Structures are given as structure tokens and as C-alpha cells.
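Working notes for the structure below.
Throughout, read-outs are computed from the coordinates displayed, never taken from laboratory work. No experiment lies behind these values; they were computed from the predicted model shown. Cβ sites come from the backbone with ideal geometry, for glycine too, and all protein chains shown count toward neighbours.
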Amino acid sequence: MPRNVSFEELQQQIQDGVIDTVIAAMPDMQGRLMGKRFQAQYFARTAWEETHACNYLLATDMEMLAVDGYASTSWASGYGDYTLKPDLGTLRPLPWLEGTALVLCDAFDHHACACRACAAQRPEGAIAAAGADGSGVVCCHRAGVFYFPRKF
């Protein structure tokens, strides 16, 4: 896997014609990457600061059908947009997709609160909750947190 690149390196790769597409993605509730593709020059000019994606993307099954029962997104409460803020520290070219770079994004609701339904935001809250109830965190990564509800 290629190393991460800085935003300045991405801009140079865009100028050199090496990168023509940037995928801005957030992990959904199952850890799958959901988001959008940008023409690279547009991403470097504007979208690197923030973009938007429908919260529907977080609550779909494998066939991309809406799943009932989520508080953050449903036919009952409506579907809106989340603000996606690219984490430029995750920027990297994709070796399996020529001319494409990927950046992971943090999702925020329209009140600028971190989206708790988004897998990328779960670790901080789960770690805090684990400490509050006396349990310990076993493993934490961007796609989730694994912890025991009691001490051993």
C-alpha cells in the first residue's frame, strides 16, 4: 500500500496529471466506505475543507436499501445531509484504482456535532463510556471499538 501523502504532494500529483480523481469517504455503520468522487482539481480547490453527503449512506443494507430503526436517519425522521470534513492525514493514492486518491472524512450533523452513527466517530465516545462504567478498552481502530462491559 502506498504511503500517505501530504495535501501539497496531492496538489503536485494533480498538477502532474498523476491523480485525476479524489474519493472522499466516511465509514458507514458496518464499516463500509461511503462517500463521493471528486474531479481532483475541484477537490484541491474547494472540497478539501468540507463537502456534504446524505445521511442515507450510513443506514443502508448491502443492496443499498434504507433500513428502519435508526434514530439518525429514516423515512419517519427524514433524510438530510452530513457535513464531511476530510482528514488530510489519511490522504493516499489507491494502487488498485489508477489516478485516484482516497481521503477519509469525519461526519458532522447540521449542528456541527460529530455524527455518532458514523464508525469513524465511535472510538472517542466508546472509550469515554468504557472508562465511565469501569470496563476496559481492548482494541480500538477507525472501524470500531471492542471492549468488555466489566473488568476481569
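What the table below lists for this structure:
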{"quantity": "Efficiency of FRET from Cβ geometry, ARG3 and ASP61, R₀ 30 Å, rounded to 0.05", "calculated": "0.30"}
{"quantity": "Chain lengthening between GLN41 and LEU97 when straightened (0.36 nm per residue, less Cα-Cα)", "calculated": "18.4 nm"}
{"quantity": "Full-stretch length increase - ASP81, GLN15 - with 0.36 nm per residue and alpha-carbon distance subtracted", "calculated": "20.7 nm"}
